[in-house]
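In what follows, a structure is listed as structure tokens, so that the remarks can point back to it.
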Amino acid sequence: SESANDYMQQEDDWDRDMLLDPAWEKQQRKTFTAWCNSHLRKAGTQIENIEEDFRDGLKLMLLLEVISGERLAKPERGKMRVHKISNVNKALDFIASKGVKLVSIGAEEIVDGNAKMTLGMIWTIILRFAIQDISVEETSAKEGLLLWCQRKTAPYKNVNIQNFHISWKDGLGFCALIHRHRPELIDYGKLRKDDPMTNLNTAFDVAEKYLDIPKMLDAEDIVSTLRPDEKAIMTYVSCYYHAFSGKQKCVRVGPENKFKINGHFHSSESLLEWIRRTIPWLENRVPENTMQAMQQKLEDFRDYRRLHKPPKVQEKCQLEINFNTLQTKLRLSNRPAFMPSEGKMVSDISSAWGSLEGAEKGYEEWLLNEIRRLERLDHLAEKFRQKAAIHEAWTDGKEEMLQQKDYETASLSDIKALLKKHEAFESDLAAHQDRVEQIAAIAQELNELEYYDSPSVNARCQQICDQWDSLGVLTQKRSEALQRTEKLLETIDQLYLEFAKRAAPFNNWMEGAMEDLQDTFIVHTIEEIQGLSTAHEQFKATLPEADKERQAILGIHNEIAKIVQTYHVNMAGTNPYTTINPQEINAKWDKVRQLVPQRDQALIEEHARQQNNERLRRQFANQANVIGPWIQTKMEEIGRISIEMHGTLEDQLTHLRQYEKSIVNYKPKIDQLEGDHQLIQEALIFDNKHTNYTMEHIRVGWEQLLTTIARTINEIENQILTRDAKGISQDQMNEFRASFNHFDRKRTGMMDAEDFRACLISMGYNMGEAEFARIMSIVDPNRLGVITFQAFIDFMSRETADTDTADQVMTSFKVLAGDKNYILADELRRELPPDQAEYCIARMTPYTGPDAVPGALDYMSFSTALYGESDL
């Protein structure tokens, strides 16, 4: 192997090459990429960009495994930088383990895509695995390869190989190598040294087509550059070496057995036998069913490449070396060339070896394809199992669920909820359609890829598809059943609602009717009972229409029952909108029908009773309307007799006693009225529109009449006694009566305290509250608040007996008149209360004295006449 110093020298050459001709990078990139792909294609992959595709280390490790036949450490599959650096380091460590000292090449530069470092690393790999083990006549590696080229092209006059750059520009060196080993592929005699483009293209095309050497450079790349890149040319030429002399290193041959022909025969027979046994094994394309079995085949093949083939390669190289050395020695010794027996010539061995490598190449590709196929099959089978398991888990219990008859006992709200749930299930079912289709597609692909367990896959897939079809049918049936039930229940619900809307007011009407028909009526007039009878007749007139409504309501219920019976609907409950039922409606209707004649009879009886009551009212009213006014008239007449001043007191007394006799004679009519009133009370009659008089009014009026006539007679008798005892004249009595009547404003025959005060002031009394209280104690000793005419007469009789009274009155008037002998009406109205002033004005005579003025009144004559001191 090359030493570290050699490698460092190559690095220096590398930098110098770059400075001399920048085209080197393009040539190396193209050549190294093709060289890498020639090996990576054995693993079923390739690269496009050499500095980018090796950055994660994965294809770099794969390349080393292919060209070395050895397993590297397990790569990191992550995409992080640390994972990439780890993979590249594993590759670099492997290279270093092969005795190569890497200088200035680190994993970071490769991961970062450094083109120079990446190309340097690939050149190191090419140098180690494609060039370093070349050995020709005591020379190795680069020198060995150069010597091999010189030896192979020596017979060609226009070819002079001295290096790996300009010696190859005309293309004849490449053509000579091909013609030397495969003369039938190139007509070398027609080639011209001055046509390098044709020469190069001819060599490259033939090598690619017949020798399985990929085209690593373009003719333009070599012709157009001043100095072709040495490393690119070396790489390309090494492929020719391995194509013609074997791909592994050739070991040096010791001199001790160079001339042993028997050894050559034995070795060639052994090698050919091994090739004959190995080719059928490599040509066996019967696939295994499992990944494990195919991986074992791959391991066996790698063992073949790593353990069994290398010794045979060495053996083949040794045979060729021994044969060539033998021929050289024989020729130098002027001895005839050695001719192996038929079938054991070097060309036979090379041909058999070519067949072996052809079979090997196809076998490796087949293994990789089969492994990829099984990987795909295993992946698909696992995917099939996972999707099938998920689908089967989802479908578990779905058929039983879809076959449930829960809708038969459900309410309308329950049915709507079940429909929503079923719609959600249908959406879920539709979503799972893709999974079923995926399962079927995977099963189809497994069949197309000839999966060994396809029968079980097909059976499981068929079961899933059959179940899926069954679920579709059951889903449709349940949907139809739910929709049908919903429609029936909606119809029933509408009928329930209509029943409730019509039954509720009808029920209220019946309850109101029963209440009215059983109501205990209380009437007091015949008009009221006639009103009740009219209303009852109007109610009876509505009964036919009410019966029609009842029949219509019952018809709704019958329609519901018909639907339930016809469609076998299992009703879960009663009408949700009402508690009223047909039985209740019929029972109440029968009750109404029973109460109607009972009400008829009660109204007839009450009408007869009210007719009798009306007769009693009229009978009582006819008498009361006569008696009441009669009593009132008599009361008024008695009042007038007691107030008016017609005739003497004796005449008034006689007249009053005649009235008393007529009143007493009227008593039988009062008694008769009492009898009629007793009948009214027994009939519980409380009002009578025919009269405003009640028996109580009549009784009170009658008692007042008797009391009044008796009191009036007594007053007249007392007046007569007073008159006679005090010697009061009739005129004075009349004057007293006139004054009393004037100030009896309420016309009750009595004055109250204020009336009496006004009367006293009009008569000239000038008194305070104490004096008035003293007088009141005389005229009203019982403190009743009223003064009778008798008390007034007694008071006035005592006052007239006092002679100073007239002078006092005159003095009072004189003061009011301002010391004049007369007084004016305006002065009286100004100084006295209105009623007193008007009394004095009415009683005073005109003043006729010498100082009289118009409207003057004589207050002196008035005062004297008031107390009996004047004839006036």
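Helices (runs of 4 or more DSSP H) wholly in the stretch 744-846 with at least 2 residues that are open to solvent by 30 Å² or more (accessible area, probe 1.4 Å) and under 30 Å from R711 (Cα atoms) - which ones?
Working: elements: 753-762, 769-779, 789-800, 804-817, 825-831, 834-843.
Where helices (runs of 4 or more DSSP H) fall fully within the stretch 744-846 and carry at least 2 residues being open to solvent by 30 Å² or more (accessible area, probe 1.4 Å) and under 30 Å from R711 (Cα atoms), they are 753-762, 769-779, 789-800.
Which of (1) open to solvent by 50 Å² or more (accessible area, probe 1.4 Å); (2) closer than 25 Å to N570 by Cα; (3) over 29 Å from the mean Cα position of the chain (by Cα) does L488 not meet, given it meets every other one? Only one criterion in (1) open to solvent by 50 Å² or more (accessible area, probe 1.4 Å); (2) closer than 25 Å to N570 by Cα; (3) over 29 Å from the mean Cα position of the chain (by Cα) is unmet by L488, namely (1).
Test of understanding: among L102, L119, which residue is open to solvent by less than 60 Å² (accessible area, probe 1.4 Å), out of contact with any Ser or Thr (no Cβ under 7 Å at 6 or more places or on another chain), at negative phi and in contact (Cβ under 8 Å) with a residue 12 or more places away in the chain? Exactly one residue qualifies, and that residue is L119. Among the conditions (1) in the same structural domain as S413 (by the TED database); (2) exposed (fewer than 12 other Cβ atoms within 10 Å of the Cβ), Q598 misses just one, which is (1).
Just so you know, in the stretch 502-520 the residues that are under 55 Å from the mean Cα position of the chain (by Cα) and free of Cβ contacts under 8 Å to residues at least 24 places away in the same chain include one that is least open to solvent (accessible area, probe 1.4 Å), and it is G512.
Criterion applied to M776, M763, M751 was being without any contact (Cβ under 8 Å) to a residue 40 or more places away in the chain and assigned by the TED database to the domain that holds K726, and the one residue passing it is M776. Across the stretch 201-217, the number of residues qualifying as closer than 16 Å to T235 by Cα and assigned to a helix (DSSP H, G or I) comes to 4.
Being surrounded by fewer than 18 Cβ atoms within 10 Å (Cβ to Cβ) and basic (K, R) is the filter; apply it to the stretch 709-731 and report the residue that is farthest from R657 (Cα to Cα). Ranking the candidates gives K726 first.
Taking the criterion of being farther than 20 Å from A243 by Cα, open to solvent by less than 30 Å² (accessible area, probe 1.4 Å) and not in a loop (DSSP other than H, G, I, E, B), the only residue of the stretch 162-195 that qualifies is S167. Out of (1) within 14 Å of L705 (Cβ to Cβ); (2) loosely packed, with under 12 Cβ neighbours inside 10 Å, what's the single condition that is false for M635? Of (1) within 14 Å of L705 (Cβ to Cβ); (2) loosely packed, with under 12 Cβ neighbours inside 10 Å, only one is false for M635: (2).
Look at D453 and say whether it is touching a residue at least 60 places away in the same chain (Cβ under 8 Å) and closer than 30 Å to L377 by Cβ. If you could, list the steps in order and put the result at the bottom.
On the way: touching a residue at least 60 places away in the same chain (Cβ under 8 Å): yes; closer than 30 Å to L377 by Cβ: yes.
Criteria met by D453.
Filter the stretch 847-864 for residues that are touching a strand residue (DSSP E or B) at 6+ places or on another chain (Cβ under 7 Å) and in a helix (DSSP H, G or I) and give the result. Passing the criteria: Y859, S861. Taking helices (runs of 4 or more DSSP H) as the structural unit, those lying wholly within the stretch 642-726 and holding at least 3 residues that are under 27 Å from R609 (Cβ atoms), aliphatic (A, V, I, L, M) and in contact (Cβ under 8 Å) with a residue 24 or more places away in the chain correspond to 667-682.
Residue by residue, here is whether (1) charged (D, E, K, R); (2) open to solvent by less than 50 Å² (accessible area, probe 1.4 Å) holds:
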{"site": "T409", "(1), (2)": "no, no"}
{"site": "L412", "(1), (2)": "no, yes"}
{"site": "A443", "(1), (2)": "no, yes"}
{"site": "E450", "(1), (2)": "yes, no"}
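Within the stretch 148-156, can one find any residue that is more than 60 Å from the chain's Cα centre (by Cα), in a helix (DSSP H, G or I) and either at pLDDT below 90 or surrounded by fewer than 20 Cβ atoms within 10 Å (Cβ to Cβ) (or both)? Yes, the stretch 148-156 contains a residue that is more than 60 Å from the chain's Cα centre (by Cα), in a helix (DSSP H, G or I) and either at pLDDT below 90 or surrounded by fewer than 20 Cβ atoms within 10 Å (Cβ to Cβ) (or both). Hey, could you check the stretch 521-571 for residues that are within 23 Å of N586 (Cβ to Cβ) and of a type in the set (D, E) and say which is surrounded by the fewest Cβ atoms within 10 Å (Cβ to Cβ)? Within the stretch 521-571, the match that is surrounded by the fewest Cβ atoms within 10 Å (Cβ to Cβ) is E545.
One residue stands out in the stretch 69-86 among those that are in contact with a helix residue (DSSP H, G or I) (Cβ under 7 Å, 6 or more places away or on another chain) and more than 14 Å from G113 (Cα to Cα): the one that is most open to solvent (accessible area, probe 1.4 Å), namely R71. The condition (being out of contact with any Cys (no Cβ under 7 Å at 6 or more places or on another chain) and modelled with pLDDT under 90) is satisfied by just one residue among V111, V82, V88: V82. If only residues of the stretch 733-743 that are open to solvent by less than 50 Å² (accessible area, probe 1.4 Å) and of a type outside the set (S, T, Y) are counted, the one that is nearest to D807 (Cα to Cα) is F736.
A quick yes/no check of all residues on (1) polar (S, T, N, Q); (2) more than 26 Å from D493 (Cα to Cα):
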position	(1), (2)
E400	no, yes
S413	yes, no
A424	no, no
A430	no, yes
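The values are calculated or read from the model by the stated rules, or taken from the named source; none is laboratory data. The model shown is predicted, which means the values in this text are computed figures rather than measured ones. So basically every Cβ, Gly included, is an ideal-geometry build from the backbone, and we count neighbours across all protein chains shown. Calculation scope for accessible area: heavy atoms of the full protein, side chains included, ligands and nucleic acids excluded. Shrake-Rupley method; radii C 1.70, N 1.55, O 1.52, S 1.80 Å.
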